[in-house]
Amino acid sequence: MNHIALPDVLILFVYLIALLGIGLYHSKAQESFEDFARGSRLVGWVPLGLSLMAATNSGIDYLQTPAAVYRFGLIYFAATLTWLPTYFWLSRVTLPLFRRLDAYSVYEYLEQRFDPSVRLAAAGIYVLWRVGWMGTALYVPCLATKVVTGFTFDINWMIIVVGVIVTIYTMMGGMRAIIWTDLMQFCIMFGGLFMTAAFVVSQVPGGVGEILTVTRDAGLLDMKATIPEEAGRSFLYRYFTTELTFVGFFVFIVVSQLASFTCDQVAMQRLQSARSTSEGRNAFIISALSAITWTLFLGFVGLGLFTFYFHNGRPEELRDDSLLPYFMANHFPVGMMGLVLGAIFAASLSSIDSAI
């Protein structure tokens, strides 16, 4: 396995210092809680939408999506079709409601509708869930770095250092710093993703055509789940015991996204920072289109990895969620590894700062 080189380390170092610099720059504008929590609603809908996309997609997706498509194929792309029903729910129900309430927190609604105890219970559950989620989101990029560097770093110290940095620039700069750091991280996320997709294609003899041929023959381009044949079992039983189906996954993602854009403070606080309800809707559209592109390219990386290991063999002990880090460690050139690790960190930190 390759070990991380000095240029890769410098890329990550410059990236983390830039985050602190943005936080310091915007700290001068923090004169009220309105400045800190909503950026005084001075940010346009384009950067707000890109920031929203970066905040709601983490480094977990960077490792999870290629692995899921590697295993299940295009059924995973059902997630890209769920944004339309989510848009109607957000634009007609939750966004107008919370804009009308002019609430800093979505849980303020529960106090007005019921009483403070209901608000505290819901907010407490949310905080506990977010703290647990933040631990995972912080662990994933550090784990990826540990894998691709040949296990030369102490992951505990890495988590502490990165956690301190993201906490400091969030505290200093508030919402405006988060939006502009997320915008920078959005560019890094997609830059690293495009580089990864292009490099995977370059490592497959025959390129895109070979990827489509191999994955089609393997059944990965089929949007329908394979329902196993079992004697004495009804179709309904076999359908509901199949690990992943298009309809089941679609319904799951729709319910999950409706929940996110109703009671997830990360998403709704972003949209509350828009200048108007219409700009909030526009920001959501930008975020949705970006998220669809993100999922499609990550999925294509999964198909490319499937084809690569089809031709070159896959180590038996290699888990699905380690596919991309293992490929990076063994094939990425110096410099590119630092950029893609930066993209994984960017995807995670843009979510963690929003959670904070």
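Let's see how each residue does on (1) open to solvent by less than 30 Å² (accessible area, probe 1.4 Å); (2) among the charged types (D, E, K, R):
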position	(1), (2)
Gly23	yes, no
Gln30	no, no
Glu34	no, yes
Trp45	no, no
Ala68	yes, no
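Select from the range 82-95 the residues that are open to solvent by 30 Å² or more (accessible area, probe 1.4 Å) and within 17 Å of the chain's Cα centre (by Cα) and list them in ascending order. Quick ask: steps written out before the conclusion?
Just the residues of the range 82-95 that are open to solvent by 30 Å² or more (accessible area, probe 1.4 Å), to begin with: 83-85, 87-89, 92-93.
The one that is open to solvent by 30 Å² or more (accessible area, probe 1.4 Å) and within 17 Å of the chain's Cα centre (by Cα): Trp83.
Could you tell me which of the residues Arg130, Arg176 is farther than 26 Å from Ala5 by Cα, among the charged types (D, E, K, R) and more than 17 Å from the chain's Cα centre (by Cα)? Can you show your working first?
Values: Arg130 fails: more than 17 Å from the chain's Cα centre (by Cα).
Of Arg130, Arg176, the one residue that is farther than 26 Å from Ala5 by Cα, among the charged types (D, E, K, R) and more than 17 Å from the chain's Cα centre (by Cα) is Arg176.
Can you tell me which condition Pro205 does not meet? The list is (1) within 26 Å of Met53 (Cα to Cα); (2) in contact (Cβ under 8 Å) with a residue 60 or more places away in the chain, and all the others hold.
If we test Pro205 against (1) within 26 Å of Met53 (Cα to Cα); (2) in contact (Cβ under 8 Å) with a residue 60 or more places away in the chain, just (1) comes out false.
Residue check: is Ala68 touching a residue at least 40 places away in the same chain (Cβ under 8 Å), assigned to a helix (DSSP H, G or I), closer than 17 Å to Ala137 by Cα and among the small types (Gly, Ala, Ser)? Spell out the reasoning first.
Numbers: touching a residue at least 40 places away in the same chain (Cβ under 8 Å): yes; assigned to a helix (DSSP H, G or I): yes; closer than 17 Å to Ala137 by Cα: no; among the small types (Gly, Ala, Ser): yes.
In short, no.
Can you tell me which residues in the range 168-178 are over 15 Å from Ala18 (Cβ atoms) and in contact with a helix residue (DSSP H, G or I) (Cβ under 7 Å, 6 or more places away or on another chain)? Let's see the steps before the verdict.
The first filter runs over the range 168-178 and keeps only residues over 15 Å from Ala18 (Cβ atoms), leaving 171, 174-176.
Within the range 168-178, Gly174, Met175, Arg176 qualify.
More than 17 Å from the chain's Cα centre (by Cα), among the small types (Gly, Ala, Ser) and under 30 Å from Leu12 (Cβ atoms): does that describe Ser202?
Answer is yes for this residue.
May I ask you to verify whether Val14 is at pLDDT below 80 and either open to solvent by 20 Å² or more (accessible area, probe 1.4 Å) or over 26 Å from Gly335 (Cα atoms) (or both)?
Numbers: at pLDDT below 80: no; either open to solvent by 20 Å² or more (accessible area, probe 1.4 Å) or over 26 Å from Gly335 (Cα atoms) (or both): yes.
Answer is no for this residue.
Just to verify a result, which residue in the range 96-142, among those that are without any contact (Cβ under 8 Å) to a residue 40 or more places away in the chain and charged (D, E, K, R), is least open to solvent (accessible area, probe 1.4 Å)?
Only one residue tops the list, namely Glu108.
Does Leu183 fit the bill of being surrounded by 13 or more Cβ atoms within 10 Å (Cβ to Cβ), touching a helix residue (DSSP H, G or I) at 6+ places or on another chain (Cβ under 9 Å) and either under 30 Å from Asn312 (Cα atoms) or at pLDDT 85 or above (or both)? Quick ask: steps written out before the conclusion?
Working: surrounded by 13 or more Cβ atoms within 10 Å (Cβ to Cβ): yes; touching a helix residue (DSSP H, G or I) at 6+ places or on another chain (Cβ under 9 Å): yes; either under 30 Å from Asn312 (Cα atoms) or at pLDDT 85 or above (or both): no.
In short, no.
Scan Ile178, Ile160, Ile155, Ile165 and give me the residue that is farther than 27 Å from Val334 by Cα and either among the hydrophobic types (A, V, I, L, M, F, W, C) or open to solvent by 60 Å² or more (accessible area, probe 1.4 Å) (or both). Even if it seems obvious, please write down each step before you answer.
Details: Ile160 fails: farther than 27 Å from Val334 by Cα; Ile155 fails: farther than 27 Å from Val334 by Cα; Ile165 fails: farther than 27 Å from Val334 by Cα.
Selected residue: Ile178, the only one of Ile178, Ile160, Ile155, Ile165 that is farther than 27 Å from Val334 by Cα and either among the hydrophobic types (A, V, I, L, M, F, W, C) or open to solvent by 60 Å² or more (accessible area, probe 1.4 Å) (or both).
Answer yes or no as to whether Ala54 is among the small types (Gly, Ala, Ser) and touching a Leu at 6+ places or on another chain (Cβ under 8 Å).
Working: among the small types (Gly, Ala, Ser): yes; touching a Leu at 6+ places or on another chain (Cβ under 8 Å): yes.
Yes: the conditions hold for Ala54.
Scan the range 186-209 residue by residue and report those that are open to solvent by 10 Å² or more (accessible area, probe 1.4 Å) and under 12 Å from Val301 (Cβ atoms).
Within the range 186-209, the first condition is being open to solvent by 10 Å² or more (accessible area, probe 1.4 Å), and the residues that meet it are 186-188, 190-191, 194-195, 198-199, 201-203, 205-209.
Correct list: Phe194, Met195, Ala198, Phe199, Val201, Gln203.
The values are calculated or read from the model by the stated rules, or taken from the named source; none is laboratory data. Every value quoted in this text rests on a predicted model; they were computed, and no experiment measured them. Don't worry about glycine lacking a Cβ; one is built from the backbone with ideal geometry, like all the others, and counts go over all protein chains shown. For accessibility, only protein heavy atoms count, side chains too; no ligands or nucleic acids. Shrake-Rupley method; radii C 1.70, N 1.55, O 1.52, S 1.80 Å.
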